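Q: Take this structure first; my questions come after.
The values are calculated or read from the model by the stated rules, or taken from the named source; none is laboratory data. Keep in mind that this is a model prediction, so the values were computed, not measured. Cβ placement follows ideal geometry from the backbone for every residue including glycine, while neighbour counts extend to all protein chains displayed. Heavy atoms of the whole protein, side chains included, go into the accessibility calculation; ligands, DNA and RNA do not. Shrake-Rupley method; radii C 1.70, N 1.55, O 1.52, S 1.80 Å.
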Amino acid sequence: MSLGHPAPPQASRTVDVSRLLALSSEGASLILGVFIVTNVVFTIATIHTLSVRWPAYVAAVIVSAAGVLLGRPHPDPFPLRDSWLVVASVVVSTLLISWALPTDGSPGRAAWHLGSNTWLLWFLILRGRTGLAWAAAAAMTAITATWTATTGRSALTGLLMVDTQLGLLVVATLFVTSLRRTARRINELTERSVDAAAAAATAEAGRQVRLQRAAEVASASMPLLQRVATGVPLSDEERAEMRKAEARLRDGVRGRALATPAVLDAAAEARARGVEVTLLDDRGSGLGSGDAMARVDDAVAAALADASGTITVRLLPPDRDEALTIVSVDGDRVHRIVLDAAGTATAV
């Protein structure tokens, strides 16, 4: 059953009974349309048998509106307020029609409300409100039994009028129990599949990072190693180039998440000025967002550009309040910058 409104956002891929039965599909909308048309047809076809006609028209509107309400897309269980409205529609429609029914013989199709209300309660059970559905069924049974008792019949006659409806609700209760077990199994399998996919993606990402690091190391070191392998004495410029390459490789190993191109370039420029630079990653990963890491890059690059003497940049373990510290020492002057997990400076 569907009103054409979009379903509320799902927080996960969780499957419930409503999704298993596709209650938001076009087929469900067609069933809802047949339900409403049936209510109207039975009301018009039997209106001449009633002692008072207006209650039947009102009941048809109430029951049909409750069917539309039940078709509203929503994860199970169905909203409690709306469920109570469905219960109220069952009680009110039963009260409206019962005392308008003919007092002699079987009411026949004039008691169409019993079947329609059972249809409502069937879907209320499917949507996770079994207790409320059975409470409404008990109220419908009590009202029907009271009507037969006050119109010259026995209360047992009223019970026999609803015995089939109660049997259908028993079937619905057993059916939804089986469907919920199926939904749980589907959700467990889905969760396992998602976890497996995430683990595979993590492993692949780690492999790609290792391959990229290996390629970077090879690109930076192979020409220099080949030069050393020639046995020809190195010039001062070549020795300086090798020291720079060694420092960059050391930053990539010890600095890890800090070793971005911007930081590595800034560190190389600082070392060229004679600054002793140390990059340390004791966190094992970057900060929680790309924006936070961008702010870290900017802060570290700026500190390296202004540094003299020695400077140590350290990503702290994740259980600390502070996320990153930048400590520069130049003689007796010590300057310390602290960034939080958002990459925002909290102390300078």
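Q: Relative to the longest principal Cα axis of the chain, at what angle does helix 112-126 sit, 0 to 90 degrees, rounded to 10?
A: On a 0 to 90 degree scale, this one is about 20.
Q: Continuing with this model, one more query. Counting only protein heavy atoms and a 1.4 Å probe, tell me what percentage of region 242-345's accessible area is made up of carbon and sulfur.
A: Numbers: 2640 of 5240 Å².
Solvent-exposed carbon and sulfur of region 242-345 make up 50 percent of the total.
Q: If you don't mind, there's one more thing I want to ask. Using +1 at the Cβ of each Lys and Arg and -1 at the Cβ of each Asp and Glu in the chain, identify which of 307, 294, 74 lies farthest towards the dipole's positive end.
A: After comparing all options, I get 74.
Q: Let me ask you something else. I need two numbers for region 190-300: Rg to one decimal and Dmax as a whole number, Cα atoms only, in Å.
A: Cα-based Rg and Dmax for region 190-300 come out at 18.0, 63 Å.
Q: What is the sum of charges, Lys and Arg at +1 and Asp and Glu at -1, for the other residues whose Cβ falls under 12 Å from the Cβ of residue 239?
A: On the way: positive: 227, 243, 244; negative: 236, 237, 238, 241, 246.
Here the count lands on -2.
Q: Additional query: Accessible area per residue, 1.4 Å probe, Å², for the chain: what's the number? Walk me through the numbers on the way to the answer.
A: On the way: 18670 Å² over 348 residues.
Roughly 54 Å² per residue, with all protein chains present.
Q: I would also like to ask the following. To the nearest 500 deg cm²/dmol, what mean residue ellipticity at 222 nm is calculated for the chain from DSSP H runs of n ≥ 4 alone, each contributing -39,500 (n - 2.57), summed and divided by the residues? Walk me through the numbers on the way to the answer.
A: Details: 10 runs with 221 residues, N = 348.
Result for the chain: -22000 deg cm²/dmol, rounded to the nearest 500.
Q: Expressed as a whole number of Å, what is the distance separating the alpha-carbon centroids of region 268-342 and region 170-215?
A: 39
Q: Could you derive backbone 3J(HN,Hα) for region 45-50 from the dihedral phi with the Karplus parameters 6.51, -1.76 and 1.60 (θ = phi - 60°), listing whole Hz in sequence and x where the residue is Gly or Pro?
A: The phi angles translate into 5, 10, 4, 6, 8, 8 Hz.
Q: Taking 7 Å along the Cα-to-C-beta vector as the label spot, tell me the residue 247-residue 29 distance in nanometres, rounded to one decimal.
A: Inter-label distance under the simple model: 6.8 nm.
Q: May I ask you to order 119-127, 50-58, 93-101, 300-308 by the average number of other C-beta atoms within 10 Å around their residues, highest value first? Before the final figure, lay out the partial values.
A: Details: 119-127: 24.8, 50-58: 15.2, 93-101: 22.6, 300-308: 18.1.
Highest-to-lowest ranking by the protection proxy: 119-127, 93-101, 300-308, 50-58.
Q: Also: Just the number, please: Stokes-Einstein D of region 259-348 in µm²/s, Kirkwood Rh from C-alpha pairs, 20 °C, 1.002 mPa s.
A: Working: Rh = 13.0 Å.
Rounded, D is 165 µm²/s.
Q: Which order do the peptides 249-255, 144-150 come out in when sorted by mean C-beta neighbours inside 10 angstrom, highest first? Display every interim value, and only then the final one.
A: Numbers: 249-255: 17.1, 144-150: 19.0.
Ranking, from highest mean packing down: 144-150, 249-255.
Q: Once the convex hull of the C-alpha atoms of region 110-232 is built, how many Å³ does it hold per residue, rounded to a whole number? Mind dumping the intermediate values first?
A: Working: hull volume 12.9 nm³, N = 123.
Dividing the Cα hull volume of region 110-232 by its residue count gives 105 Å³.
Q: Given 10 Å bins starting at zero, what is the percent of C-alpha pairs of the chain in each, up to the one with the largest pair distance?
A: 5, 17, 17, 11, 8, 9, 10, 10, 7, 4, 2, 0, 0
Q: Quick one: plug the Kirkwood hydrodynamic radius of region 53-165 (C-alpha pairs) into Stokes-Einstein at 20 °C, 1.002 mPa s, and report D in µm²/s. Kindly include the intermediate steps, with their values, before the conclusion.
A: On the way: Rh = 14.2 Å.
Translational D for this selection: 151 µm²/s.
Q: Based on a Kirkwood Rh over C-alpha pairs, give the Stokes-Einstein translational diffusion coefficient of region 22-98 at 37 °C and viscosity 0.692 mPa s in µm²/s.
A: Values: Rh = 13.4 Å.
Answer from the Stokes-Einstein relation: 245 µm²/s.
Q: In debye, nearest 20: dipole of the chain around its Cα centre with unit charges on the Cβ of K, R (+) and D, E (-)?
A: 1340
Q: Can you give the accessible area of residue 156, probe radius 1.4 Å, in Å² rounded to 10?
A: Accessible area, nearest 10 Å²: 110 Å².
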